[in-house]
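Worksheet for the structure shown next.
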Number of protein chains: 2
Amino acid sequence: MAVNLAPPDPASLHPVAGVELGVAMAGVRKANRRDLLLMRLGPGSTVAGVFTRNRFCAAPVTLAKRHLAVGGEVRGLVVNTGNANAGTGEDGLARAATVCEAVARSLGCAARQVLPFSTGVIMEPLPVERIVAGIPAAVADLRPDNWLGAAEAIMTTDTVPKAGSRRLHLSGGEVTVTGIAKGAGMIRPDMATMLGFIATDAQVPGEALEALVREAADSSFNCITVDGDTSTNDAFVVAASGASGVVAQSRADLDALGRAISEVAAFLAQAIVRDGEGATKFITLQIEGGRFGEECRRVAYAIAHSPLVKTAFFASDPNLGRILAAIGNAGIEDLDTSRLELYLDSVLVAANGGRHPDYREEMGVAALAKPEFTVRVSLHRGQATATVWTCDLSFDYVKINAEYRT
Amino acid sequence: MAVNLAPPDPASLHPVAGVELGVAMAGVRKANRRDLLLMRLGPGSTVAGVFTRNRFCAAPVTLAKRHLAVGGEVRGLVVNTGNANAGTGEDGLARAATVCEAVARSLGCAARQVLPFSTGVIMEPLPVERIVAGIPAAVADLRPDNWLGAAEAIMTTDTVPKAGSRRLHLSGGEVTVTGIAKGAGMIRPDMATMLGFIATDAQVPGEALEALVREAADSSFNCITVDGDTSTNDAFVVAASGASGVVAQSRADLDALGRAISEVAAFLAQAIVRDGEGATKFITLQIEGGRFGEECRRVAYAIAHSPLVKTAFFASDPNLGRILAAIGNAGIEDLDTSRLELYLDSVLVAANGGRHPDYREEMGVAALAKPEFTVRVSLHRGQATATVWTCDLSFDYVKINAEYRT
């Protein structure tokens with residue numbers, strides 16, 4: 001059902017020197033399902049991440065942030081699906097710590113060198129014994145060419161594994177950037193908004209890597225929304241193993257590497273929307289002519305979060321007045337509606353406060369019938385712009401979320 | 001499909017002296033459907049209203065506000081369904097004015113003494129000739145005992161007509177308060193959020209009536225949400241004909257009359273949620289212990305607007321972690337999640353940042369299986385409270401809105 005999104009060709013996913021991935025069936029929630037991922041990073045790796053801003057942030061998020069703040073070299077990432085370990089209070093923190101300790105014992109490092117991640121049902125105790133029992137199998141499976149297996153192991157309601165890869169030349173030689181992500185519902189921007197892991201074999205100083213992660217998140221995972229819900233567990237982490245021996249330190253090299261990371265991140269973020277729960281359409285919202293980027297984003301999200309707009313997209317019904325109504329609700333007090341222009345792809349739908357005289361319903365029908373289209377809004381009050389990617393709201397969104405736990 | 005909402009008994013809807021209602025089939029969008037309502041007010045009436053804050057507010061809203069601002073005695077209200085006359089620019093204003101002029105000719109008053117209201121599809125030209133042609137039939141139908149017919153004539157996706165009535169004694173004698181409303185989708189608070197008309201035969205000074213309208217709106221229509229969309233056309237208007245000869249001027253009389261108006265308004269507002277598009281559950285969100293009312297409302301709306309929470313309610317699935325996640329997204333930066341308590345009716349679900357040890361899933365299942373329940377959140381950071389009424393998100397919401405125009 002995902003919109004123009006095929007499973008990745010395993011051959012396209014370049015291994016990243018210094019990074020190994022192992023998966024296992026721990027039976028966190030269901031038996032016979034790969035639900036545990038271990039990533040082992042070689043010595044000398046740097047790691048940076050951005051995390052959910054939800055006040056009920058999950059125990060593993062709290063712990064991962066603590067471990068990153070300590071500044072010790074990260075050697076392992078452990079991810080389970082089936083249980084979010086969120087809304088679990090102090091007990092949840094203890095359970096996440098137990099998982100880190102078990103991984104640390106297996107990898108021969110300290111617990112603070114392990115970052116934990118969880119995704120799944122909220123407010124249920126993490127079955128820590130089963131996860132710990134699954135770690136040896138994940139360790140045994142560790143290998144560099146396991147990115148597709150890793151992408152599959154972190155899926156929840158995803159229907160397609162999400163992974164992307166790039167190779168590029170820096171001044172010191174060729175490096176690789178490969179990443180995976182999961183997420184299909186509870187997706188809205190506000191820091192990273194799903195689980196995303198990208199690794200490179202370039203050598204990148206920690207502070208520089210932090211900047212690259214933020215830039216990549218702001219142009220990818222922070223530009224998508226499926227349903228306006230921000231998860232308690234969202235995290236986007238980039239690891240640089242340095243195993244290629246190629247150092248990214250000059251502005252030009254960091255820019256080039258940053259572009260590659262951002263490209264992979266944008267591909268993964270868009271893949272999340274294409275595979276949005278119940279999605280049948282992939283919609284780009286392009287807002288321009290705002291006074292500030294913030295007001296452009298408000299307009300974009302007002303459209304993207306309107307159930308009425310999203311159901312009209314689902315129905316391919318050019319009930320485009322709903323878009324105007326959503327824009328009118330974006331909270332721009334002094335918006336001059338008579339100056340605004342609304343385009344569907346290249347079709348001018350509305351201007352001068354109403355429908356454009358040349359617009360004909362069949363033009364709207366033709367645009368909406370496509371699986372991908374762009375809604376462009378020109379506010380004509382400044383130079384700022386914003387782009388947001390979203391999907392429609394279908395019967396299947398309700399079905400998936402009404403039946404999630406059953 | 002409406003939740004515990006039966007059509008009103010016509011005998012319970014007391015006529016209001018000085019107010020007559022007439023309906024007609026104008027064929028605005030569909031033939032053989034009563035889609036035009038005329039309310040005639042006797043001389044000496046006072047009228048006050050609150051209107052949508054959507055920046056794309058509809059032409060009739062703009063005109064109704066202008067006519068009210070002029071301060072002339074309002075003698076007629078005209079309402080059409082099938083077309084919202086919103087997103088229609090200057091042409092829309094001219095069409096709304098033409099309707100007012102036609103009504104004014106029929107009633108023998110000035111156009112500025114007529115308030116126009118429209119509801120229906122946005123961004124299509126109002127078929128003003130058909131509405132004007134329908135006015136004589138509406139005039140011929142004018143009578144005081146036509147409240148149920150009026151409630152039916154303003155329905156769009158409503159499945160049940162909404163009308164309520166009260167009689168009360170003021171110091172000068174008995175007066176009547178009767179009202180109708182429509183609305184089932186595109187419902188969220190922010191000033192009045194649907195069409196609501198209440199009339200009383202008490203005599204009320206204009207300024208006092210304005211205060212009563214605001215109070216009534218704030219405790220009724222501004223406390224409901226179906227889908228978070230604020231319509232371009234929302235209006236709530238109260239007319240006081242004075243025809244009973246009973247003057248409401250003392251504080252005590254105004255308080256008593258205000259309570260009755262607020263009661264009718266709250267009944268109508270809750271009826272809108274009970275009849276929310278696709279609704280199968282009626283949910284009261286009661287937030288307490290906030291520092292300010294505003295932060296309590298933010299928490300309530302974060303819950304009420306989360307598609308994940310709403311689909312879980314639909315499924316009677318006590319996936320209550322989704323409520324915690326929604327609260328965490330309410331934007332209260334310094335929220336201490338360990339102090340928060342979450343109740344489902346009288347069941348304590350979460351405390352100390354996680355699930356309460358005494359909570360059992362079957363308790364949540366039992367609460368959610370009911371067609372009406374209360375979600376109570378104690379923030380334990382102050383004395384402020386807020387109450388919001390909402391409904392679940394079902395297959396039928398998508399169906400209704402995907403097929404609205406077809």
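Just so you know, all these numbers are worked out from the coordinates, no wet-lab data involved. Quantities reported herein were computed from a predicted structural model and do not represent experimental measurements. A quick note on method: Cβ atoms are made from the backbone with ideal geometry, for glycine too, and the neighbour counts reach across all protein chains shown.
With neighbour counts taken as other beta-carbon atoms within 10 Å, the residues A:V349, B:V247 rank, fewest first, as B:V247, A:V349. With a ≥ b ≥ c taken as the square roots of the eigenvalues of the C-alpha gyration tensor of the range A:282-402, please select rounded if a/c is under 1.5 and otherwise prolate if a/b is larger than b/c or oblate if it is not? Oblate.
Could you size up the charge dipole of the range B:17-93 around its Cα centre, putting +1 on the beta carbon of Lys and Arg and -1 on that of Asp and Glu, and report it in debye to the nearest 20?
Numbers: 10 positive and 5 negative charges, 46 e Å.
The calculation lands at about 220 debye.
Mean residue ellipticity at 222 nm, helices only, the protein assembly as shown: -10000 deg cm²/dmol; runs of at least 4 DSSP H residues each add -39,500 (n - 2.57), and the sum is divided by the number of residues.
State the extension gain, in nm to one decimal, for the chain segment bounded by A:A94 and A:E372, taking 0.36 nm per residue of separation less the distance between their alpha-carbons.
Numbers: separation 278, 0.36 × 278 = 100.08 nm, distance 4.50 nm.
That pair, A:A94 and A:E372, stretches by 95.6 nm at full extension.
Separation of the range A:287-322 and the range A:155-185, taken as the distance between their Cα centroids, equals 29 angstrom.
What whole-number value in cubic angstrom gives the convex hull volume per residue for the C-alpha atoms of the range A:131-283? Before the final figure, lay out each step's value.
Details: hull volume 18.3 nm³, N = 153.
Dividing the Cα hull volume of the range A:131-283 by its residues yields 119 Å³.
Computed from point charges on the beta carbon alone (+1 for Lys and Arg, -1 for Asp and Glu), the dipole magnitude for the range A:1-150 about its Cα centre is near 220 Debye. Across the identical copies, the 7 Å label point of B:G71, projected outward along Cα→Cβ, sits 7.0 nm from its counterparts, in ascending order.
Apply the membrane-span-like helix rule to chain B: whole DSSP H runs, Cα extent along the own long axis of at least 15 Å, mean Kyte-Doolittle hydropathy at least 0.5. List the helices found.
On the way: long enough: B:59-70 (17 Å, 0.62); B:89-107 (28 Å, 0.30); B:128-140 (19 Å, 1.45); B:206-218 (18 Å, 0.01); B:251-274 (33 Å, 0.65); B:293-304 (16 Å, -0.09).
Passing helices, by number: B:59-70, B:128-140, B:251-274.
Ignore the peptide's own chain and count Cβ atoms of other chains within 10 Å of each Cβ in B:84-93; give me the average, rounded. Write out the running numbers ahead of the final one.
Details: counts 2, 1, 6, 15, 7, 8, 4, 5, 3, 1.
Partner Cβ neighbours, averaged per residue: 5.
Whole-Hz Karplus values for the range B:150-163 come out as 5, 4, 5, 5, 9, 5, 10, 8, 4, 9, 10, x, 10, 8 Hz, taken residue by residue from phi with 6.51 cos²θ - 1.76 cosθ + 1.60 and θ = phi - 60°; glycine and proline positions read x. Charges were assigned to the Cβ only: +1 to each Lys and Arg, -1 to each Asp and Glu. The resulting dipole of the protein assembly as shown about its Cα centre is roughly 160 debye.
Based on the alpha-carbon gyration tensor of the protein assembly as shown, what equivalent-ellipsoid semi-axes (square roots of 5 times the eigenvalues) come out, in whole Å, largest first? Don't skip to the answer; put the middle values down first.
Numbers: eigenvalues 590, 167, 83 Å².
So the three semi-axes of the protein assembly as shown are 54, 29, 20 Å.
Taken one residue at a time, the phi angles of the range A:29-39 give Karplus couplings (6.51, -1.76, 1.60, θ = phi - 60°) of 10, 10, 7, 6, 9, 6, 10, 9, 10, 10, 10 Hz. Gly and Pro are set to x. Counting other Cβ atoms within 10 Å as a rough exposure proxy, the listed residues B:K65, A:K162 run B:K65, A:K162 from fewest neighbours to most. For the range B:17-97, the alpha-carbon radius of gyration amounts to 1.18 times the rule-of-thumb value 2.2 N^0.38 Å expected for a compact globular protein. Relative contact order, whole percent, for the range A:10-274 stands at 26, derived from Cα pairs under 8 Å and 6 or more residues apart.
Would you mind calculating the gained length between B:H169 and B:R339 on full extension (0.36 nm times residue separation, minus the Cα-Cα distance), in nm to one decimal? Walk me through the numbers before you get to the answer.
Values: separation 170, 0.36 × 170 = 61.20 nm, distance 4.64 nm.
Extra length from B:H169 to B:R339 when fully extended: 56.6 nm.
Among A:N32, A:Q203, A:A69, which residue has its Cα furthest toward the positive end of the charge dipole of the range A:10-274, with +1 on Lys/Arg Cβ and -1 on Asp/Glu Cβ? Farthest towards the positive end: A:N32.
Which GluC sites (Glu not before Pro) in the range A:313-406 pass both tests, a DSSP loop state and at most 10 other beta-carbon atoms within 10 Å? Don't jump to the answer; show the numbers that get you there.
Details: sites: A:E333, A:E341, A:E361, A:E362, A:E372, A:E403; in loops: A:E333, A:E403.
Those satisfying the criteria are A:E333.
Counting every other Cβ atom within 10 Å of each residue's Cβ, B:C296, A:C100, B:C109 order from fewest to most as B:C109, A:C100, B:C296.
As a ratio to 2.2 N^0.38 Å, the alpha-carbon radius of gyration for the range B:10-274 is 0.90.
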